[in-house]
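Here's the structure, in structure tokens; my notes come after.
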């Protein structure tokens, strides 16, 4: 929740009778600080009758003068795997005093299709208004990262901000996007073109949702763990190497540990790197993402986000070697881990050409720069666990790295 902190210096307002030349331009500096704080909870069976996690989050902010109204939006993929979930949600809200269900649980399309349908934003906004939600109400989204992005955007732009609680249901959402502060949708064929930086009111990671997640989606989320390990935590990378076989078969205990550690690393980066709302151009958490975002589009979203990220990680790691930043052979170690986890490190979209015979993927660099604003800033590796920001990439070396990836994939 945001806290407005008073400043030491208060804006000085001159007395009305002060002699001021109205023709002289004057500047008064407005200044205040807003501190954000929200809980990220790890639990199991959030809608179980004895689980107080959601109730306590809402109760902690309750004014007590009326029931706290909650509107639930559910990812249809989750609803399909858990057909009784909507009933359990309604029963949970009914069981706890002070909570009130604003309306029937709303189910929407899941996956990237949600972010590619701008009309869904308007539909959700109309739904929130029809339920009579206000800034003291809650929109609770239960779903994967794409649905969380969409619903978060709709909540942030209704009444300039309805409280939003995220309940991520995928590995990728629980260990990465769900614990961040971004919301948005794809537009004009550009990934995440429209969106907001609005932190959630709370995040609740429930391991029970991972149990029913299809294997492909469990695996896709592991790419973000490899990413953050490579740029911030070598010991985590080594743990991933040691545990790869268990992770590849989705063993529960190591997968839960991966999710928790990865989420904490992301939280630390957002809170302490000095740029939570990305006003600058440095994006270490986007290592491998300039190519990944473009590959998702070029593959017509046949690639899951995490699958595209795995290819982007392999590409930028090989590029780091070709650029003389990373010792030769380290890229093989990274690719070996990704393959052991079950990733395929090539897709034919990598070879698509534009009208001039250049790889279409290379346009991802300029699109990434436009999305960041300012200078192009790409994170590369100097060693496993340590990243370096660079402001240009040699397209010839990118082509060479792609050729290397294709050759590796054919072995």
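The values are calculated or read from the model by the stated rules, or taken from the named source; none is laboratory data. Worth saying up front: this structure is predicted, and the values here are computed from it rather than measured. With ideal geometry, Cβ positions are generated from the backbone for all residues, glycine too; neighbour counts draw on all protein chains shown.
Some notes on this structure:
- Of the helices (runs of 4 or more DSSP H) lying entirely inside segment 81-149, the ones with 3 or more residues being free of Cβ contacts under 8 Å to residues at least 60 places away in the same chain and within 26 Å of residue 305 (Cβ to Cβ) are found at 119-130.
- Residues that are farther than 18 Å from residue 199 by Cβ and either in contact with a strand residue (DSSP E or B) (Cβ under 6 Å, 6 or more places away or on another chain) or at pLDDT 95 or above (or both) within segment 144-159 comprise just one, 144.
- Of everything listed in (1) on the phi < 0 side of the Ramachandran plot; (2) surrounded by fewer than 19 Cβ atoms within 10 Å (Cβ to Cβ), the single unmet condition for residue 77 is (2).
- Restricting attention to segment 378-396, the residues that are out of contact with any helix residue (DSSP H, G or I) (no Cβ under 8 Å at 6 or more places or on another chain) and assigned to a loop (DSSP other than H, G, I, E, B) total 3.
- Some residue of segment 182-190 being closer than 29 Å to residue 236 by Cα and touching a strand residue (DSSP E or B) at 6+ places or on another chain (Cβ under 9 Å): yes
- Among the candidates 343, 356, 368, the residue that is at pLDDT below 95 and outside any helix (DSSP H, G or I) is uniquely 356.
- Subset tally (residues that are farther than 18 Å from residue 310 by Cβ and more than 17 Å from the chain's Cα centre (by Cα)) for segment 250-271: 6
- Residue check for residue 266: in contact with a strand residue (DSSP E or B) (Cβ under 6 Å, 6 or more places away or on another chain), in contact (Cβ under 8 Å) with a residue 12 or more places away in the chain, farther than 25 Å from residue 332 by Cβ and not assigned by TED's automatic domain parsing to the domain that holds residue 172: no
- Any hit, segment 155-166, residues being assigned to a helix (DSSP H, G or I), buried (at least 19 other Cβ atoms within 10 Å of the Cβ) and in contact (Cβ under 8 Å) with a residue 60 or more places away in the chain: no
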